[in-house]
Amino acid sequence: MRPPTPAESGGSALGSPAAGDPLLPVGLLGAPVAEALAFLPDPAERLAYAGISAGGCFARPLPIDTTCAAAARRFFREAVSSLAIPSGLVHDGVTMASELAANTLHAQRNVAAAGTRQRSAAGVPEIWLYLRGTGRSRELVCKVFDTERGWAPGNRPGMSDAPPDSVSGRGLQVVAGLSAGQWGCHLSRSRLGNWKVPGKAVWFSLRIPPAALPDHVGRPRYSPDLLVDELEVMLADRGLASIVRADLDGISVLSISRHLTVWRHGTEVSWRSPAGQYERVDLMDAVDVAEQILCAHEEMALADPVAV
Ligand SMILES: Nc1ncnc2c1ncn2[C@@H]1O[C@H](COP(=O)(O)OP(=O)(O)OP(=O)(O)O)[C@@H](O)[C@H]1O
Ligand SMILES: [Mg+2]
């Protein structure tokens with residue numbers, strides 16, 4: 001499904017209802033407005049559709065059988081093909097993606113054993129890859145989503161101390177080792193399909209040498225005003241449908257739910273986490289910011305399903 005544009009999702013004062021509309025009489029606009037519109041990327045270049053080196057998120061469904069690990073290996077290689085990542089690092093990433101994908105079979109077994117209703121076709125596991133960070137300091141984040149909420153929020157995933165002669169129980173140890181501890185798990189929602197299914201994402205990250213990144217990575221591509229539109233679209237596309245937004249003088253307020261309000265001041269985005277701390281992140285990292293806000297929302301929904 002094509003994600004809705006800001007205009008379709010209700011728009012905002014800083015939205016771009018006219019961007020890309022060939023019928024718009026641009027010549028009739030005041031010069032400052034026409035100038036501003038000229039800086040907006042073509043709709044085909046919107047963040048929601050951008051490749052990972054342009055700041056977007058690569059997402060693919062994984063099979064719900066034992067071919068999921070092979071599919072994850074293939075998708076990982078496809079996703080990073082536009083980056084000149086050293087082959088050893090790609091190999092590590094492929095190995096970890098394969099382990100996380102294989103583990104989605106645990107989640108499916110657990111869901112089946114709990115007698116949960118048959119999941120919809122949209123509830124299949126997914127693999128996501130995107131670059132996290134700003135400037136030329138980036139890490140490649142790989143997440144594997146499944147529809148079992150499984151590990152309690154805030155708890156560390158269940159890495160077991162497999163005995164030396166055990167033939168299983170090592171996948172997460174491999175991930176922990178190859179990622180040098182840069183892995184974890186958080187609540188999330190699916191990205192693909194019409195109905196965004198709640199679940200969890202198990203992730204790892206790999207630091208990418210700046211030389212492996214295309215030259216354009218690190219150059220500002222989107223203005224903060226456009227990025228906040230993109231952030232709203234990304235959240236709406238994950239099923240947070242009743243966002244109320246107000247904008248004034250470079251400040252935006254997004255009321256996500258009764259308990260979650262997100263502030264944007266320039267390029268800084270902040271909100272109060274379920275643990276009561278103020279989170280502050282850079283809007284330029286929009287895909288990761290959306291994921292963090294969604295995680296906060298899901299933790300609150302789990303704690304108080306009536307209020308959200
Ligand atoms: N996505 C997941 N959802 C639910 N539980 C999981 C998930 N991934 C791992 N687990 C739990 O954590 C345990 C440890 O996972 P790990 O990958 O280390 O070992 P394993 O899958 O049992 O064996 P191996 O990976 O060596 O074949 C699993 O046995 C399972 O109970
Ligand atoms: Mg495993």
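Take the Cα of Ala114, step 7 Å toward its Cβ, do the same at Ser168, and the gap between the two points is 1.9 nm.
Residues Thr147, Thr67 in ascending order of nearby Cβ atoms (within 10 Å, fewest first): Thr67, Thr147. Counting only Cβ charges, +1 for Lys and Arg and -1 for Asp and Glu, the dipole size of segment 222-303 around its Cα centre is about 380 debye. Radius of gyration (Cα atoms) of segment 222-303, expressed as a multiple of 2.2 N^0.38 Å: 0.98.
With a cut-off of 10 Å between beta carbons, the residues surrounding Arg138 carry a summed charge of +1, where Lys and Arg count +1 and Asp and Glu -1. So, R0 is 25 Å and r is the distance between the beta-carbons of Asp304 and Trp195; what FRET efficiency does that work out to, to 0.05? Result of the calculation: an efficiency of 0.65.
Multiplying the sequence separation of Ser81 and Ile251 by 0.36 nm and subtracting their Cα-Cα distance, what value in nm do you get?
On the way: separation 170, 0.36 × 170 = 61.20 nm, distance 3.75 nm.
Net length gain for the segment: 57.5 nm.
Readers should treat all values here as calculations from the given coordinates under stated rules, not as data from a laboratory. For clarity, every value in this text was computed on a predicted model and none was experimentally measured. Reconstructed Cβ throughout: ideal geometry from the backbone, glycine too, with neighbour counts over all protein chains shown.
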